[in-house]
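The structure appears below as C-alpha coordinates.
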Amino acid sequence: MAVQYSGLCLPNSITHLCFLQHRPLHLRQPLKACASTHLQSSPTIQIIGGSTSQYRNGNGSSILDSRRVEDDWFDLETDLYQWIKTLRPVQWYPGHIAKTERELKEQLKLMDVVVEVRDARIPMSTSHPQMDLWIGNRKRILVLNREDMISTSDRNAWAAHFAKQGIRVVFSNGQLGMGSMKLSRLAKSLADDVNVKRRARGLLPRRVRAGIVGYPNVGKSSLINRLLKRRMCPAAPRPGVTRELRWVRFGKDLELLDSPGIIPMRISDQSAAIKLAICDDIGERSYDVADIAALLVQMLARIPSVGTKALYNRYRIETDGQSGQIFVHKLAVQLFSGNVHQAAFRILTDFRKGKFGWFALERPPSLR
(Lines give C-alpha, C1' and ligand atoms only; values in the text may rest on other atoms or scores of the structure.)
Protein backbone atom coordinates (compact mmCIF):
# COMPACT_ATOMS: atom_id res chain seq x y z
CA MET A 1 0.00 0.00 0.00
CA ALA A 2 1.40 3.43 -0.93
CA VAL A 3 2.07 5.85 1.90
CA GLN A 4 2.00 9.63 1.50
CA TYR A 5 4.55 11.44 3.66
CA SER A 6 4.14 14.97 2.39
CA GLY A 7 2.11 17.72 4.08
CA LEU A 8 0.24 16.73 7.21
CA CYS A 9 -0.69 13.16 6.22
CA LEU A 10 0.15 10.47 8.72
CA PRO A 11 0.59 6.74 8.27
CA ASN A 12 -2.25 4.36 8.99
CA SER A 13 -1.87 1.41 11.30
CA ILE A 14 -1.25 -1.05 8.47
CA THR A 15 1.84 0.80 7.22
CA HIS A 16 3.04 1.82 10.67
CA LEU A 17 6.07 -0.47 10.68
CA CYS A 18 7.23 0.83 7.30
CA PHE A 19 6.96 4.36 8.65
CA LEU A 20 9.33 3.57 11.52
CA GLN A 21 12.40 3.70 9.31
CA HIS A 22 11.58 7.31 8.40
CA ARG A 23 11.54 8.49 12.01
CA PRO A 24 14.58 10.19 13.58
CA LEU A 25 17.11 7.77 15.06
CA HIS A 26 16.41 8.81 18.64
CA LEU A 27 12.74 7.86 18.21
CA ARG A 28 13.11 4.54 16.45
CA GLN A 29 13.91 2.17 19.32
CA PRO A 30 10.89 2.96 21.54
CA LEU A 31 8.56 2.60 18.57
CA LYS A 32 10.12 -0.68 17.45
CA ALA A 33 9.70 -2.04 20.95
CA CYS A 34 6.10 -0.87 20.96
CA ALA A 35 5.45 -2.47 17.58
CA SER A 36 7.03 -5.77 18.54
CA THR A 37 4.92 -5.87 21.68
CA HIS A 38 1.76 -5.78 19.57
CA LEU A 39 2.99 -8.25 16.96
CA GLN A 40 4.28 -10.82 19.45
CA SER A 41 1.09 -10.91 21.49
CA SER A 42 -1.34 -13.81 21.66
CA PRO A 43 -2.18 -15.33 18.25
CA THR A 44 -5.87 -14.72 18.99
CA ILE A 45 -5.27 -10.98 18.59
CA GLN A 46 -6.21 -9.50 15.23
CA ILE A 47 -5.15 -6.11 13.89
CA ILE A 48 -8.04 -4.45 12.10
CA GLY A 49 -7.09 -1.63 9.70
CA GLY A 50 -7.56 2.03 10.62
CA SER A 51 -6.15 4.31 13.28
CA THR A 52 -9.20 3.81 15.50
CA SER A 53 -9.28 0.03 15.20
CA GLN A 54 -9.65 -2.23 18.24
CA TYR A 55 -7.57 -5.19 19.37
CA ARG A 56 -9.85 -8.10 20.28
CA ASN A 57 -9.34 -11.62 21.49
CA GLY A 58 -10.90 -14.79 20.12
CA ASN A 59 -14.27 -14.38 21.87
CA GLY A 60 -14.68 -10.82 20.61
CA SER A 61 -14.10 -8.97 23.89
CA SER A 62 -11.93 -5.87 23.90
CA ILE A 63 -8.46 -6.19 25.45
CA LEU A 64 -7.56 -2.51 25.17
CA ASP A 65 -6.26 -1.54 28.61
CA SER A 66 -4.34 1.29 30.18
CA ARG A 67 -1.18 0.14 28.42
CA ARG A 68 -2.86 0.53 25.03
CA VAL A 69 -3.99 4.02 26.02
CA GLU A 70 -0.42 4.85 27.02
CA ASP A 71 0.77 3.63 23.61
CA ASP A 72 -1.82 5.86 21.90
CA TRP A 73 -0.52 8.90 23.76
CA PHE A 74 3.09 7.98 23.03
CA ASP A 75 2.32 7.55 19.34
CA LEU A 76 0.49 10.89 19.29
CA GLU A 77 3.53 12.71 20.68
CA THR A 78 5.93 11.07 18.22
CA ASP A 79 3.59 11.64 15.28
CA LEU A 80 3.18 15.29 16.25
CA TYR A 81 6.95 15.57 16.11
CA GLN A 82 6.81 14.37 12.50
CA TRP A 83 3.85 16.51 11.42
CA ILE A 84 5.42 19.80 12.45
CA LYS A 85 8.68 19.28 10.56
CA THR A 86 7.39 20.94 7.39
CA LEU A 87 5.69 23.87 9.16
CA ARG A 88 6.98 27.34 9.89
CA PRO A 89 8.33 27.44 13.48
CA VAL A 90 6.05 29.07 16.05
CA GLN A 91 7.91 31.83 17.88
CA TRP A 92 6.52 34.69 19.96
CA TYR A 93 8.49 37.07 22.16
CA PRO A 94 6.95 40.55 22.56
CA GLY A 95 9.33 43.29 23.66
CA HIS A 96 7.81 43.72 27.14
CA ILE A 97 8.63 40.12 28.11
CA ALA A 98 12.41 40.70 28.13
CA LYS A 99 11.94 43.63 30.53
CA THR A 100 9.53 41.59 32.66
CA GLU A 101 11.99 38.72 32.93
CA ARG A 102 14.74 41.03 34.24
CA GLU A 103 12.41 42.67 36.77
CA LEU A 104 10.92 39.35 37.87
CA LYS A 105 14.34 37.94 38.71
CA GLU A 106 14.89 40.91 41.03
CA GLN A 107 11.45 40.59 42.64
CA LEU A 108 11.99 36.89 43.25
CA LYS A 109 14.52 37.86 45.90
CA LEU A 110 11.68 39.41 47.91
CA MET A 111 9.28 36.47 47.62
CA ASP A 112 8.58 34.02 50.44
CA VAL A 113 6.51 31.74 48.20
CA VAL A 114 6.41 31.36 44.41
CA VAL A 115 3.08 30.35 42.86
CA GLU A 116 3.62 28.97 39.36
CA VAL A 117 0.43 28.88 37.28
CA ARG A 118 0.14 26.47 34.35
CA ASP A 119 -2.61 25.54 31.92
CA ALA A 120 -4.16 22.25 33.14
CA ARG A 121 -4.69 21.17 29.51
CA ILE A 122 -0.94 21.34 28.77
CA PRO A 123 0.99 21.32 32.09
CA MET A 124 4.31 20.38 30.50
CA SER A 125 4.13 22.83 27.61
CA THR A 126 3.38 25.75 29.99
CA SER A 127 6.41 25.00 32.15
CA HIS A 128 9.18 27.55 31.61
CA PRO A 129 12.53 25.76 31.15
CA GLN A 130 14.30 28.28 33.43
CA MET A 131 11.70 28.33 36.21
CA ASP A 132 13.45 25.85 38.50
CA LEU A 133 16.68 27.83 38.24
CA TRP A 134 14.93 31.13 39.05
CA ILE A 135 12.99 29.77 42.01
CA GLY A 136 15.92 27.96 43.55
CA ASN A 137 15.20 26.83 47.12
CA ARG A 138 12.16 29.07 47.63
CA LYS A 139 8.90 27.45 48.62
CA ARG A 140 6.76 26.72 45.63
CA ILE A 141 3.13 25.99 44.84
CA LEU A 142 2.07 24.70 41.44
CA VAL A 143 -1.39 25.79 40.27
CA LEU A 144 -3.01 23.95 37.38
CA ASN A 145 -5.60 26.45 36.26
CA ARG A 146 -8.66 25.71 34.09
CA GLU A 147 -9.34 22.41 35.80
CA ASP A 148 -12.88 22.69 34.43
CA MET A 149 -11.42 22.16 30.95
CA ILE A 150 -10.00 18.68 31.61
CA SER A 151 -11.52 15.35 32.52
CA THR A 152 -11.49 13.76 35.97
CA SER A 153 -9.06 11.09 34.74
CA ASP A 154 -6.71 13.81 33.45
CA ARG A 155 -6.88 15.57 36.80
CA ASN A 156 -6.17 12.39 38.74
CA ALA A 157 -3.27 11.45 36.47
CA TRP A 158 -1.55 14.82 36.88
CA ALA A 159 -2.25 14.95 40.63
CA ALA A 160 -0.57 11.56 41.06
CA HIS A 161 2.33 12.56 38.82
CA PHE A 162 3.21 15.70 40.79
CA ALA A 163 2.55 14.02 44.15
CA LYS A 164 5.27 11.49 43.32
CA GLN A 165 7.63 14.41 42.76
CA GLY A 166 6.70 15.99 46.08
CA ILE A 167 5.25 19.08 44.39
CA ARG A 168 2.29 20.81 46.05
CA VAL A 169 -0.48 21.16 43.47
CA VAL A 170 -3.67 23.20 43.58
CA PHE A 171 -6.25 22.72 40.82
CA SER A 172 -8.17 25.91 40.16
CA ASN A 173 -10.68 27.65 37.96
CA GLY A 174 -9.72 31.33 37.90
CA GLN A 175 -12.99 32.33 36.27
CA LEU A 176 -15.21 30.79 38.95
CA GLY A 177 -12.83 31.03 41.89
CA MET A 178 -12.53 27.30 42.59
CA GLY A 179 -9.25 26.55 44.39
CA SER A 180 -8.46 30.19 45.19
CA MET A 181 -9.06 29.98 48.96
CA LYS A 182 -7.12 26.73 49.19
CA LEU A 183 -4.24 28.50 47.44
CA SER A 184 -4.28 31.44 49.88
CA ARG A 185 -4.30 29.14 52.92
CA LEU A 186 -1.47 27.04 51.51
CA ALA A 187 0.64 30.12 50.69
CA LYS A 188 0.22 31.49 54.21
CA SER A 189 0.97 28.15 55.87
CA LEU A 190 4.14 27.65 53.83
CA ALA A 191 5.44 31.07 54.82
CA ASP A 192 4.55 30.90 58.54
CA ASP A 193 8.18 30.38 59.47
CA VAL A 194 9.00 33.80 57.98
CA ASN A 195 7.33 35.62 60.85
CA VAL A 196 8.48 33.02 63.39
CA LYS A 197 12.05 33.93 62.52
CA ARG A 198 11.24 37.65 62.61
CA ARG A 199 9.74 37.39 66.08
CA ALA A 200 12.78 35.46 67.28
CA ARG A 201 14.90 38.42 66.20
CA GLY A 202 12.58 40.90 67.89
CA LEU A 203 11.02 42.14 64.64
CA LEU A 204 7.34 42.77 63.97
CA PRO A 205 5.54 40.32 61.68
CA ARG A 206 4.94 41.33 58.08
CA ARG A 207 2.74 40.20 55.21
CA VAL A 208 3.74 37.04 53.42
CA ARG A 209 4.89 37.81 49.86
CA ALA A 210 3.76 35.44 47.15
CA GLY A 211 4.68 35.89 43.49
CA ILE A 212 2.28 34.67 40.80
CA VAL A 213 4.27 33.64 37.74
CA GLY A 214 3.70 31.65 34.56
CA TYR A 215 3.18 31.69 30.80
CA PRO A 216 0.90 34.25 29.10
CA ASN A 217 -2.86 33.73 29.32
CA VAL A 218 -2.77 30.86 31.82
CA GLY A 219 -5.06 32.81 34.18
CA LYS A 220 -2.69 34.50 36.64
CA SER A 221 -4.57 37.82 36.85
CA SER A 222 -7.98 36.14 36.98
CA LEU A 223 -6.76 34.01 39.88
CA ILE A 224 -5.62 37.08 41.80
CA ASN A 225 -8.91 38.88 41.13
CA ARG A 226 -10.77 35.89 42.52
CA LEU A 227 -8.59 35.86 45.61
CA LEU A 228 -9.22 39.57 46.17
CA LYS A 229 -12.92 39.23 45.23
CA ARG A 230 -12.62 42.36 43.11
CA ARG A 231 -11.03 43.33 39.81
CA MET A 232 -7.63 44.65 40.79
CA CYS A 233 -5.60 43.25 37.89
CA PRO A 234 -6.47 43.57 34.19
CA ALA A 235 -7.50 40.22 32.75
CA ALA A 236 -8.76 39.07 29.37
CA PRO A 237 -8.85 35.73 27.48
CA ARG A 238 -5.84 36.53 25.32
CA PRO A 239 -2.08 36.56 25.91
CA GLY A 240 -0.17 39.76 26.65
CA VAL A 241 -2.80 41.76 28.60
CA THR A 242 -0.71 42.23 31.77
CA ARG A 243 2.30 44.39 30.86
CA GLU A 244 3.97 45.25 34.18
CA LEU A 245 4.65 43.78 37.59
CA ARG A 246 2.28 44.86 40.33
CA TRP A 247 2.05 44.10 44.06
CA VAL A 248 -1.45 43.91 45.53
CA ARG A 249 -2.49 43.32 49.14
CA PHE A 250 -4.72 40.44 50.16
CA GLY A 251 -6.03 41.12 53.65
CA LYS A 252 -3.48 41.85 56.35
CA ASP A 253 -1.47 38.67 55.95
CA LEU A 254 -0.61 38.33 52.27
CA GLU A 255 0.85 40.35 49.38
CA LEU A 256 0.58 39.05 45.82
CA LEU A 257 2.74 39.95 42.84
CA ASP A 258 0.91 39.88 39.52
CA SER A 259 3.37 39.53 36.65
CA PRO A 260 3.11 39.50 32.86
CA GLY A 261 3.44 36.13 31.22
CA ILE A 262 7.00 35.02 30.61
CA ILE A 263 8.01 32.75 27.78
CA PRO A 264 11.42 31.64 26.42
CA MET A 265 13.02 33.95 23.87
CA ARG A 266 13.15 30.97 21.53
CA ILE A 267 10.83 27.98 21.86
CA SER A 268 12.98 25.00 20.94
CA ASP A 269 10.22 22.45 21.62
CA GLN A 270 7.91 23.04 18.68
CA SER A 271 5.46 20.37 19.85
CA ALA A 272 4.94 22.50 22.95
CA ALA A 273 4.64 25.63 20.79
CA ILE A 274 1.85 24.02 18.74
CA LYS A 275 -0.07 23.19 21.92
CA LEU A 276 0.40 26.75 23.20
CA ALA A 277 -1.16 27.99 19.96
CA ILE A 278 -4.05 25.51 20.15
CA CYS A 279 -4.84 26.55 23.74
CA ASP A 280 -4.49 30.29 22.95
CA ASP A 281 -1.54 30.68 25.34
CA ILE A 282 0.60 32.45 22.74
CA GLY A 283 0.03 35.41 20.41
CA GLU A 284 -2.00 34.62 17.29
CA ARG A 285 0.44 36.47 15.06
CA SER A 286 3.07 33.84 15.81
CA TYR A 287 1.38 31.04 13.89
CA ASP A 288 -0.66 30.15 10.82
CA VAL A 289 -4.21 29.47 12.02
CA ALA A 290 -4.92 26.99 9.20
CA ASP A 291 -1.83 24.91 10.02
CA ILE A 292 -2.63 24.81 13.73
CA ALA A 293 -6.26 23.84 13.11
CA ALA A 294 -5.16 21.05 10.73
CA LEU A 295 -2.82 19.69 13.39
CA LEU A 296 -5.57 19.91 15.99
CA VAL A 297 -7.88 17.83 13.78
CA GLN A 298 -5.22 15.12 13.49
CA MET A 299 -4.58 15.22 17.24
CA LEU A 300 -8.30 14.99 18.09
CA ALA A 301 -8.63 11.99 15.82
CA ARG A 302 -5.85 10.22 17.73
CA ILE A 303 -6.78 11.15 21.32
CA PRO A 304 -8.46 8.06 22.81
CA SER A 305 -11.34 9.94 24.46
CA VAL A 306 -12.22 11.97 21.32
CA GLY A 307 -11.59 10.33 17.94
CA THR A 308 -13.04 11.02 14.51
CA LYS A 309 -16.59 10.51 15.76
CA ALA A 310 -16.49 13.76 17.74
CA LEU A 311 -15.40 15.65 14.62
CA TYR A 312 -18.22 14.14 12.58
CA ASN A 313 -20.82 14.85 15.28
CA ARG A 314 -19.76 18.47 15.34
CA TYR A 315 -19.39 19.25 11.60
CA ARG A 316 -21.03 16.34 9.76
CA ILE A 317 -17.87 15.87 7.74
CA GLU A 318 -16.36 12.42 7.33
CA THR A 319 -12.64 12.13 8.09
CA ASP A 320 -10.10 9.41 8.64
CA GLY A 321 -8.06 11.80 10.77
CA GLN A 322 -5.07 11.48 8.46
CA SER A 323 -5.17 14.86 6.74
CA GLY A 324 -6.24 17.81 8.82
CA GLN A 325 -5.69 20.16 5.88
CA ILE A 326 -8.30 18.37 3.79
CA PHE A 327 -10.75 18.51 6.69
CA VAL A 328 -10.23 22.26 7.19
CA HIS A 329 -10.78 22.89 3.46
CA LYS A 330 -13.96 20.79 3.46
CA LEU A 331 -15.29 22.79 6.38
CA ALA A 332 -14.36 26.04 4.63
CA VAL A 333 -16.39 25.04 1.57
CA GLN A 334 -19.31 23.78 3.63
CA LEU A 335 -19.72 26.71 6.03
CA PHE A 336 -17.55 29.66 5.02
CA SER A 337 -17.72 29.98 1.23
CA GLY A 338 -14.20 28.61 0.92
CA ASN A 339 -12.62 30.89 3.56
CA VAL A 340 -10.00 28.60 5.09
CA HIS A 341 -8.98 31.08 7.79
CA GLN A 342 -12.52 31.31 9.16
CA ALA A 343 -12.93 27.54 9.07
CA ALA A 344 -9.64 27.04 10.92
CA PHE A 345 -10.56 29.66 13.51
CA ARG A 346 -13.91 27.93 14.07
CA ILE A 347 -12.20 24.61 14.83
CA LEU A 348 -9.80 26.23 17.30
CA THR A 349 -12.62 28.18 18.96
CA ASP A 350 -14.74 25.04 19.26
CA PHE A 351 -11.90 23.24 21.01
CA ARG A 352 -11.30 26.15 23.38
CA LYS A 353 -15.01 26.24 24.25
CA GLY A 354 -15.18 22.51 24.90
CA LYS A 355 -17.38 21.60 21.95
CA PHE A 356 -15.50 18.30 21.63
CA GLY A 357 -15.66 17.68 25.37
CA TRP A 358 -13.21 18.64 28.11
CA PHE A 359 -9.84 16.87 28.08
CA ALA A 360 -6.12 17.52 28.33
CA LEU A 361 -3.79 17.55 25.34
CA GLU A 362 -1.00 16.06 27.45
CA ARG A 363 -0.64 13.17 29.83
CA PRO A 364 2.12 12.62 32.39
CA PRO A 365 5.26 11.13 30.78
CA SER A 366 4.76 7.78 32.50
CA LEU A 367 1.19 7.55 31.16
CA ARG A 368 1.76 8.39 27.50
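Rolling a 1.4 Å probe over the protein heavy atoms leaves residue 188 with an accessible area of roughly 60 Å². Taken along the Cα-to-beta-carbon direction at a fixed 7 Å, the label points for residue 203 and residue 252 span 2.0 nm. Using heavy atoms of the protein chains and a probe of 1.4 Å, the accessible area assigned to residue 203 is about 80 Å².
Taking the alpha-carbon centroid of each part, what is the distance from the range 91-148 to the range 151-175 in angstrom? What the calculation gives is 17 Å, centre to centre. Between residue 334 and residue 268, what's the calculated FRET efficiency when r is the beta-carbon distance and R0 is 41 Å? Round to 0.05. Taking R0 as 41 Å, the efficiency between residue 334 and residue 268 is 0.60. Model label points for residue 148 and residue 91, set 7 angstrom from Cα along the Cα-to-Cβ axis, are 3.8 nm apart.
Out of the range 270-332, which trypsin sites (Lys or Arg not before Pro) are coil in DSSP terms and have no more than 13 other C-beta atoms within 10 Å? Sites meeting the loop and neighbour criteria: 316.
Show me the ranking of peptides 212-219, 347-354 by mean Cβ neighbours inside 10 Å, starting with the highest.
Values: 212-219: 26.4, 347-354: 16.5.
Top of the packing list down: 212-219, 347-354.
Using R0 = 22 Å, the C-beta based FRET efficiency linking residue 164 and residue 131 works out to 0.70. Restricting the calculation to Cα atoms, the range 83-154 yields a radius of gyration followed by a Dmax of 15.4, 45 Å.
The accessible-area ordering, largest first, of the residues 280, 288, 258 stands as 288, 280, 258, per a 1.4 angstrom probe.
The values are calculated or read from the model by the stated rules, or taken from the named source; none is laboratory data. Keep in mind the model is a prediction, meaning the values are calculated, not measured. Note: ideal-geometry Cβ built from the backbone for every residue, glycine included; neighbour counts use all protein chains shown. Surface accessibility is based on the protein's heavy atoms, side chains included, excluding ligands, DNA and RNA. Shrake-Rupley method; radii C 1.70, N 1.55, O 1.52, S 1.80 Å.
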